[in-house]
1. Report the FRET efficiency, 1/(1 + (r/R0)^6), for A:Asp24 and B:Ile117, where r is their Cβ-Cβ distance and R0 is 25 Å, rounded to 0.05.
2. Just the accessible area per residue of chain B, please: how many Å² with a 1.4 Å probe?
3. Karplus couplings for region A:8-18 from phi (6.51 cos²θ - 1.76 cosθ + 1.60, θ = phi - 60°), rounded to Hz, Gly and Pro as x?
4. Compute the signed sum of charges (Lys and Arg +1, Asp and Glu -1) over the other residues within less than 12 Å, Cβ to Cβ, of B:Leu94.
5. Which helices of chain B meet both criteria: a Cα extent of 30 Å or more along the helical axis and a mean Kyte-Doolittle score no lower than 0.0, with helices taken as whole DSSP H segments?
6. Can you give the average number of partner chain beta-carbon atoms within 10 Å of each beta-carbon in peptide A:28-40, as a whole number?
7. In region B:1-15, which residues become less accessible by 30 Å² or more once every protein chain is in place, relative to the chain on its own, using a 1.4 Å probe?
8. Give me the accessible area buried between chains A and B, both sides summed, with a 1.4 Å probe, in Å² rounded to the nearest 100.
Amino acid sequence: MENRLKELRAARGWSQGDLAEKLDVSRQTVNSLERGKYDPSLPLAFKIAAVFERPIEQIFSPEKGDMT
Amino acid sequence: MSERIKKAKRRYTIELFASMGLYLVVLFAALTIAKTQEPGVLLTALALAPLAPLCLACFSFFRFYRDMDEMQKRVSADAAAITLVIGIMAAITLGFLKRFGVFDFEHDMIWFGPLLIVVWGVLRFVLGGRDC
């Protein structure tokens, strides 16, 4: 799964630590999410969407090949 | 790291080190006293005494596990699964070595459990990094 987490976070001037605090997760988890190393659960994805005030589909998208 | 997780990790680290310190003290005390004891209730109690601080460490970990975020939980579970495989393979290997009379590890088996905990801790670090 691809995501725009890094871009959206940077646009708000937040550090990974700031985002981790808002999501109540570790900084390592934010880092792994941004690098696409970890796909969030649905509840965490909804939380991310709420923090960025955007629908989930504007933040996460399937990687090419995921939909086949 | 969120303040809540940071606080939980700090508490877990303190409790873990205290439990492990207590474990070593109880273990060596029990081994020393046991040398002068005949088989019986006291010797059984001495043999089981080191389990008490280990139970404290387990309680501490499960409380920390509850406070982890979802990725930390997954990393811990993945590391536990790999540790289980390593533990099973090590136990079978040692069993064969003993059975075939190559080497008898019986007196060193007391370190097997703590060694697996160390393996699991290292794997958590390797799989999840410093924050896991």
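1. Approximately 0.35, to the nearest 0.05.
2. Numbers: 8710 Å² over 132 residues.
Ligands and nucleic acids excluded, the result is 66 Å² per residue.
3. 5, 5, 4, 4, 8, x, 8, 8, 4, x, 4
4. -1
5. On the way: long enough: B:3-34 (45 Å, 0.62); B:70-99 (43 Å, 0.83).
For chain B, where a helix must reach 30 Å along its axis and average at least 0.0, the hits are B:3-34, B:70-99.
6. Details: counts 10, 14, 5, 3, 6, 1, 0, 0, 0, 1, 5, 1, 3.
The per-residue average across the peptide is 4.
7. Buried by 30 Å² or more upon assembly, which counts only protein chains, are B:Met1, B:Ser2, B:Arg4.
8. 1100 Å²
The values are calculated or read from the model by the stated rules, or taken from the named source; none is laboratory data. Every value quoted in this text rests on a predicted model; they were computed, and no experiment measured them. Every residue, glycine as well, gets a Cβ built from its backbone with ideal geometry; the counts of neighbours run over all protein chains shown. Ligands, DNA and RNA are excluded from the accessible area calculation, which covers all protein heavy atoms including side chains. Shrake-Rupley method; radii C 1.70, N 1.55, O 1.52, S 1.80 Å.
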